[in-house]
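For reference, the structure discussed in these notes is given below.
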Ligand code: SF4
């Protein structure tokens, strides 16, 4: 793994795989004995050898999470604006060749959806589109940001990768954060599952978090879609990508997401199995590696797992999510990107968090801090 000042370079997975799989129980004990977690320690904590130390790793992750974030959990909701997409990602319900009903919200319809979320108590909304710049480009996103920014404390986007000047425009319009997941850092698998469209360009996507941070975004989220390639290698590269970004963009806050593949139109089967235990180990390892990173556990995961993980590493949960445009104003959820695993409302999620002795935090930022 190379870290230099201009680009982030991803090694081949076979090299990473060998390193991770050669770790021993004594490596794990040594890693847990150190105050600061190095890149090699991260590889160790992700290794098969670490599986028998999972209770100790979970305890360390919980201790760090409480120390850095207190007994709090941030809450947000996605707001799907458009399901049009020009790419063909084999695993996604919005892929261009899937025959699903497509919809793009008008600016007024987006405001109505946002009003519903606002009335439910959300202060942080993630605006999501497929990747179809001709349908939902920067002008459209800019207009929506201007209309919604006074209603919410934080507006994030998860849309097609943009250029730095386009992110700067959106930041000025009221967007505070960008989420862009590499899906897989395994170039071989990346080429296999990205069948057509601009998303086939691995490096353009890889450099997107840096462009968003350079544009001044307050927060940038990275992640890997689990179920495409070896999760241990994905975790190691995620950690390295995060460390590279932190070193270069020290003013920016960073988050990491761990989306596991969910059922979707197209009926793609995961290429590798990632169990709840695997996902837990990955989350704990990332927490120990970077004590300050925000870790997101979305409604892709089921209620039982999300409840059990509270306080152990994740710091942000989505709630009451619908993954189809217009899904909050209607009971008709046809055309979803994927089906969610936890269907509880924000009220139910907040009650669960409170019952477990934590504070749900809907607002952790105020626009007056934004110059
Ligand atoms: S993952 Fe994103 S880019 Fe790929 S098909 Fe789905 S919406 Fe389009």
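Here, each number is a calculation from the coordinates, and none is a lab measurement. Keep in mind that what you see is a predicted model, and the values were worked out from it rather than measured. A quick note on method: Cβ atoms are made from the backbone with ideal geometry, for glycine too, and the neighbour counts reach across all protein chains shown.
What to note about this one:
- Selection within the stretch 226-250 - touching a strand residue (DSSP E or B) at 6+ places or on another chain (Cβ under 7 Å), closer than 23 Å to residue 338 by Cβ and buried (at least 22 other Cβ atoms within 10 Å of the Cβ): 226, 228, 234, 238
- Subset of the stretch 58-88 that is in contact with a helix residue (DSSP H, G or I) (Cβ under 6 Å, 6 or more places away or on another chain) and under 25 Å from residue 227 (Cα atoms) - its residue that is farthest from the ligand (Cβ to nearest atom): 58
- Residue check, residue 328 within 27 Å of residue 174 (Cα to Cα) and either assigned to a loop (DSSP other than H, G, I, E, B) or within 16 Å of the ligand (Cβ to nearest atom) (or both): yes
- Of the helices (runs of 4 or more DSSP H) entirely within the stretch 197-283, those holding at least 2 residues that are under 13 Å from the mean Cα position of the chain (by Cα) occupy 231-248.
- Out of 325, 314, one residue alone is closer than 21 Å to residue 104 by Cα, buried (at least 24 other Cβ atoms within 10 Å of the Cβ) and in contact (Cβ under 8 Å) with a residue 40 or more places away in the chain. It is 325.
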